[in-house]
Amino acid sequence: MYEKILIPVEDQKLFGDVHAVIAHSFSSSAVAGFLKSVQRAGLRIRDFEGILRQGLLGAAVAASYNQLGNADQGQIREFYLASVERVAPEMRAKFLKLYAYY
C-alpha cells in the first residue's frame, strides 16, 4: 500500500502563502472563475508552470514559488495537481477541454 512520505517544509511562510492561494483558487466559490481564466489563457489545467508564468494565480505567487526550494516546490506541485483532481465532476464536465489530453 502506498504511504506518502512526510517531507519537512523548508520555508513555512512562503510555502503557506502559495498553498493558501492554490487552496482558495480551487474553493467552491472561486474554482469556476479560476478555470475560466485558465481557459481564456489557452492552457491546460495540469500545466502548473504555464499557469504560474501567465500569472493566473497572481504575480506574487509565482515569485514566492520561485523562491522555494526544490522539495517545497515539489510539494506545491503535488498539492496543485491533487486539487485539480478534486474539482467536482460537473465542473470538470463544464470545462472538459481543460482536462482533456490531446
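The values are calculated or read from the model by the stated rules, or taken from the named source; none is laboratory data. Owing to the predicted nature of the structure, the values given are computational and were not obtained by experimental measurement. Counting neighbours? That spans all protein chains shown, and the Cβs are built from the backbone with ideal geometry, glycine included.
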Selection status of S29, hydroxyl-bearing (S, T, Y) and more than 11 Å from the chain's Cα centre (by Cα) = yes
So which residues in the stretch 61-84 are assigned to a loop (DSSP other than H, G, I, E, B) and surrounded by 18 or more Cβ atoms within 10 Å (Cβ to Cβ), if there are any at all?
-> L68
Can you tell me which residues in the stretch 47-64 are under 18 Å from Y99 (Cβ atoms) and in contact (Cβ under 8 Å) with a residue 40 or more places away in the chain?
-> none
When residues of the stretch 11-51 are filtered for being among the aromatic types (F, W, Y) and not in a helix (DSSP H, G or I), how many remain?
-> 1
From the residues in the stretch 9-30 that are of a type in the set (A, V, I, L, M) and surrounded by fewer than 19 Cβ atoms within 10 Å (Cβ to Cβ), which one is nearest to L96 (Cα to Cα)?
-> A30
Of all the residues that make up the stretch 85-102, how many are free of Cβ contacts under 8 Å to residues at least 60 places away in the same chain, aromatic (F, W, Y) and outside any helix (DSSP H, G or I)?
-> 2
Out of (1) in contact with a Lys or Arg (Cβ under 9 Å, 6 or more places away or on another chain); (2) more than 28 Å from F95 (Cα to Cα); (3) charged (D, E, K, R), what's the single condition that is false for R44?
-> (2)
Contacts under 8 angstrom Cβ, first residue in the stretch 1-19 being among the hydrophobic types (A, V, I, L, M, F, W, C), partner modelled with pLDDT under 95 and part of a loop (DSSP other than H, G, I, E, B), 6 or more apart = F15/V9
